[in-house]
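Down below is the structure, laid out as structure tokens.
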Amino acid sequence: MYPVWQLPVTGSALVIAFIASFHILPSHLATSAFWFNVYIEDKAYRQNRPELLEFIKRYVLTILIFSFVFGSLSGVGIWYSTTVSNPKGISALIHNYVWGWATEWVFFVIEVVAIYVYYYTFGKVDKKTHLTIGLIYALGSWISMITITGIIAFMLSPGKWLKTGGFFDGFFNPTYTPQLFMRTSFMFAVAALYAIVVAATLKNREVKSFIIRRASLWGIAGTLLGSLFFLWYYKSLPDAAKEMADMTPLIPKIIPHIVIGSLIVLMIWFIFTIIKPDWARLVPGIVAIMVLLGGIFSAESMRERIRKPYVIDHYMYSNQIISNDMPAKQVKSNIADINTQGILHYSYFVPENLRDVNNQNMLQAGRIIAQIECSACHTLQANGWLRPLPKMVKKAGLGNVDDAQAFIGFLNAFPFMPPFAGTDMEKKALAVYLASLYK
């Protein structure tokens, strides 16, 4: 176990969630916007409407700045935060999908080159060539999504990979196809939102109305299809994930309500902008994007929560302990070794004076054990945002060591929590620490 990245208030999981939720906006815009862009540019050439090109130039500049500056920075943020919070989970992904990542990077490079060539060749190459460059970008970005979706979906539903260890058995897992269709549909809604915001800045009223109405139609279609594919996606989830989704302690009722509410607000916005395109303004458009961001954060939060207690379903717990043997990969569960040696001996960089638990260091050792085994899902401070342990201890009434120790022994009674791994003395040390939080 590597050094634990502990954030006192937010917890590492929430930091990842904030970065990843924001990243969806620029990444899905980058993936979808050029399909709308090429559609409008083709209209401009076929109908001899050069005034439409003003919108395209502004829209591409928006994509270039927002997606390839803020999107790239947040992408690096995801890699950093996930690596330091769960290095063994990321290691498992890289070892299994290194060629998948390499493929995605090839198409990402194609995206980067294509958008710069497209932007800087406006009016410098013939119309057909320029449209071809746009299509190359659109296809490259979508193939990038095809690749990433397989790796993301694998973590929730590895499918046959658990038995075979095969690249494609994990990649084309049970939730892959519905999630790809769902993300592809919703990406057009994202493109439509940004197109309306950009079009709201245009002075030509006729062009503004034309773009807003067309974008709104794309937005309605994307939102409706995405919602339908979400139902397909939900049906494809593993049974255990569906059980997690129904657990109120794990997923508060407000979270799915926010998701549904954001979709309803977006549909109303798109319908409104079709009926009254002149009323579409910059500020309401940005508010609509913020509503979408709230829905994305809630949906991503649900997806992460229903994966509990695993980071990779039935392979690795959220605290990086390998839960089950996997002969195909010559990997064995390390729970038995941890129970024999102790989590403090098994983990790296634990101070030598705390590797063996005794009456003098029990409280300190218990805190480190809590950091290693609990901090992926809990903050250790009472004012923490992510299921703070002091509040959980008070709620469970764990005011003395015996009660806390008995509770730790029955963690597997909660389907969303990994079982405790460690020696009896380490279990007692954790109980001492938990009891100390009861104030």
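Please treat every number below as a calculation from the coordinates, not as lab data. What you are looking at is a predicted structure, and each value in this text was computed from that prediction instead of being measured. When we count neighbours, we look across all protein chains shown, and the Cβ atoms used for this are built from the backbone with ideal geometry, even at glycine.
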Highest-fluctuation residue, 256, 284, 419 considered, GNM on the chain with Cα pairs under 10 Å: 284
Lysines whose Cα lies under 28 Å from that of residue 127, excluding same-chain neighbours fewer than 8 positions away: 43, 57, 203, 208
Where only C-alpha atoms are counted, convex hull volume of the range 11-317 per residue in Å³: 124 Å³
Note to self, the chain gives a 222 nm [θ] from helices alone (DSSP H runs n ≥ 4, -39500 (n - 2.57) apiece, / all residues, nearest 500) of -22500 deg cm²/dmol
Using R₀ = 30 Å, calculate the FRET efficiency as 1/(1 + (r/R₀)^6) where r is the Cβ-Cβ separation of residue 69 and residue 283; round to 0.05. 0.85
Picking from 242, 124, 57, which is most flexible by a Gaussian network model of the chain using Cα springs under 10 Å? 124
The range 73-88 versus the range 1-62: alpha-carbon centroid distance in Å: 19 Å
Please work out the C-alpha center-to-center distance from the range 157-226 to the range 265-333 and express it in whole Å. 13 Å
Between the modelled labels at residue 414 and residue 271 (7 Å from Cα along Cα→Cβ) the distance in nm is 4.2 nm
Pseudo-spin-label distance residue 94 to residue 406, built 7 Å along Cα→Cβ, given in nm, is 4.5 nm
Once Rh is set to the Kirkwood radius over Cα pairs, what Stokes-Einstein translational diffusion coefficient, in µm²/s, holds for the range 230-292 at a temperature of 10 °C and a viscosity of 1.306 mPa s? 113 µm²/s
Apply the Debye scattering formula to the range 83-175, with a single equal point scatterer on each alpha-carbon and no solvent, then give log10 I(q)/I(0) at q = 0.19, 0.20 Å⁻¹. -0.85, -0.90
Over the chain, what is the relative contact order in whole percent, taking alpha-carbon pairs under 8 Å and six or more residues apart? 18 percent
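Could you tell me the relative contact order of the range 143-237? Use alpha-carbon pairs under 8 Å, at least six residues apart, and round to a whole percent.
Once divided by the residue count of the range 143-237, the mean separation gives 30 percent.
Between residue 363 and residue 102, what FRET efficiency follows from the Cβ-Cβ distance if R0 is 56 Å, with the result rounded to 0.05?
Step by step, r from the Cβ atoms, then E = 0.75.
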Output needed: percent of Cα pairs per 10 Å distance bin for the range 1-52, bins running from 0 to the one holding the longest distance. 20, 24, 20, 15, 12, 9, 1
List the lysines whose Cα lies under 26 Å from the Cα of residue 391, skipping any in the same chain that are fewer than 8 positions away. 253, 308, 427, 428, 439
Candidates 122, 18, 108, ranked by Gaussian network fluctuation over the chain, Cα under 10 Å, top entry: 122
Treating each Cα of the range 334-436 as an identical point scatterer and ignoring solvent, apply the Debye formula and state log10 I(q)/I(0) at q = 0.19, 0.20 Å⁻¹. -0.93, -1.04
To the nearest 0.05, what FRET efficiency results for residue 394 and residue 164 with a Förster distance of 56 Å applied to their C-beta separation? 0.75
For residue 53 paired with residue 203, estimate the spin-label separation in nm (one decimal), with each label point 7 Å from Cα along the Cα-to-Cβ line. 1.8 nm
